[in-house]
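Written below as structure tokens is the structure these notes are about.
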Amino acid sequence: MRKFGSRLAIFLTLAMTAGMLAASAAVADISIKEIPDFVEDVTIGGGTELYFMAFQRNALGIKDNDYNWVDGHFKLNAAVRLKSNVEFKVGLIYAGTFGEDYYGLGTQDTSTFNADMAYIKFNKVLDTPVDLTLGRQKIVVEKGFLISEGNLNLGTAIYANSEKASPFAIRADINLDPVNILAYWQNIETDDAVAVNILGKGADIENMGLNVNAALGEGKNIYAGATQWLEGKAAFDTEKYELITYYVGTDLTFGPINFSAEYAMQTGDDITLATGTAVDRDATAYNAFLKYTMDKVAMTPWIEIGTMYYSGDDPGTSDNEAFNVMTPGFPDWGKFCPGEIFGEQFYFGGNNWKDYMLQVGFMPTETTQIRFQYHMVSMVEDAGFSDDKLYDEYNLFVEYFPNDKLYCGIMLGAATPGTGHEELQNAIFGTTNDETAYGIMPYLIYYF
């Protein structure tokens, strides 16, 4: 307990320091005025994310399922921009999980202190529309449905999604207005036991891709691309297997209506972990969301419907239809994670599920929002179970955002397991639990 208390005290002290620095800044970063002539600008930035969670864990037949813990991180970075169109950025991150081990991965009362960003960026290389960035950085492709992380290790701060920069990456951004092209290569870090043994990820992963985005007007974009995934399975002495994922997407706004969607088709080689047998991959994934905002009505009510889909393996074929989810991100609550209780704990990062989402919200003031979210999640391939229903989840968010630095609120949630979830637990662990799980989570996000 003393160890937990001291670590949490350090963490909260750093968080409060970030808040005081942010309060003194008039802009997103603090600008340093006394600089050499060849330097254009020097800025210091940072921030903190804190999640205070009290969740029930309905899984694996566990009945004593009340968990309380704090997850989060503190970041501090410095950026230098030279008059020669060269930028440097370095940053540090302190991340930690303090309290009980909700995920069952041995991450309770753990913390890390590590490099966050460390890269050099060359703007308009040789007076061309090409920007080139090399070093430790985080690459997010479009909304992050396929590629958003460069680190799959789960040693600490799992919920806060903290240490997610690639240890080394190269990216080229080409601005040919109205077309923007992103080309990249990155090494994906997977050197802890959790990433390999729990997620089933291989060692020494490389990822490269090309994304082309065309602006069709204000609020209207279409994009397409391909990403290659090279992964070696540590359990076998084999060469890396190769996956190529082709995708198309769009984000279109027409007045009060917004429609976004992405479709991905995955092909290539795979290795079955159970036998080491090489098989072909033939998988798909997609998402689609339609939102209508009544901006001329008091409190700006809105409604959104959406779906997410990751194919699962069909045991009746010789191919592997299970989609390799790679490194998805979190652009908003419920995207691309099917709920904050069961979705976050069991199914995010995996395949063989589909989600139908309904979301409604309104803004009592210009700086507050209240929204309700419902997820109905099922299996794609039922694996011989009597029902493909996994769970129903209900989340209520009360959000406060007084400026572009501070975002805080509280989430209340409940998740009710379906027959498919119960039978899946029984098939793997020989136990079931049909009780509804509840959760509450105040959170604070502050960046400057």
Of everything in the range 431-448, what is part of a loop (DSSP other than H, G, I, E, B) and either closer than 19 Å to residue 340 by Cα or without any contact (Cβ under 8 Å) to a residue 60 or more places away in the chain (or both)? Give them in sequence order.
433, 434, 435, 436
Residue list for the range 393-420, filter: farther than 29 Å from residue 50 by Cβ and open to solvent by 30 Å² or more (accessible area, probe 1.4 Å)
419
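Do you know which of the residues in the range 308-320 that are in contact (Cβ under 8 Å) with a residue 40 or more places away in the chain and open to solvent by 30 Å² or more (accessible area, probe 1.4 Å) is nearest to the chain's Cα centre (by Cα)? Write out each step before concluding.
First, the residues of the range 308-320 that are in contact (Cβ under 8 Å) with a residue 40 or more places away in the chain: 308-315, 319-320.
Applying the additional criterion that residues be open to solvent by 30 Å² or more (accessible area, probe 1.4 Å) yields 309, 313-315, 319.
Numbers: 309: 16, 313: 24, 314: 27, 315: 29, 319: 28 Å.
Looking at residues that are in contact (Cβ under 8 Å) with a residue 40 or more places away in the chain and open to solvent by 30 Å² or more (accessible area, probe 1.4 Å), I get 309.
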Out of 330, 362, 323, sole residue that is open to solvent by 40 Å² or more (accessible area, probe 1.4 Å), under 26 Å from residue 166 (Cβ atoms) and among the hydrophobic types (A, V, I, L, M, F, W, C):
330
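Can you name every residue in the range 386-426 that is of a type in the set (S, T, N, Q), closer than 14 Å to residue 338 by Cα and either modelled with pLDDT of 95 or more or in contact with a helix residue (DSSP H, G or I) (Cβ under 7 Å, 6 or more places away or on another chain) (or both)? I'd like the intermediate steps shown before the answer.
Narrowing the range 386-426 to residues of a type in the set (S, T, N, Q): 386, 395, 403, 416, 419, 425-426.
Those still in the list that are closer than 14 Å to residue 338 by Cα too: 395, 416.
Listed by number, the list holds a single entry, 395.
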Failed item, numbered, when residue 339 is tested on (1) in contact with a His (Cβ under 6 Å, 6 or more places away or on another chain); (2) modelled with pLDDT under 90; (3) among the small types (Gly, Ala, Ser):
(2)
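The values are calculated or read from the model by the stated rules, or taken from the named source; none is laboratory data. A quick note: this is a predicted structure, and the numbers were derived from the prediction, not measured. Note: ideal-geometry Cβ built from the backbone for every residue, glycine included; neighbour counts use all protein chains shown. Protein only, heavy atoms only, side chains kept; ligands, DNA and RNA dropped before computing areas. Shrake-Rupley method; radii C 1.70, N 1.55, O 1.52, S 1.80 Å.
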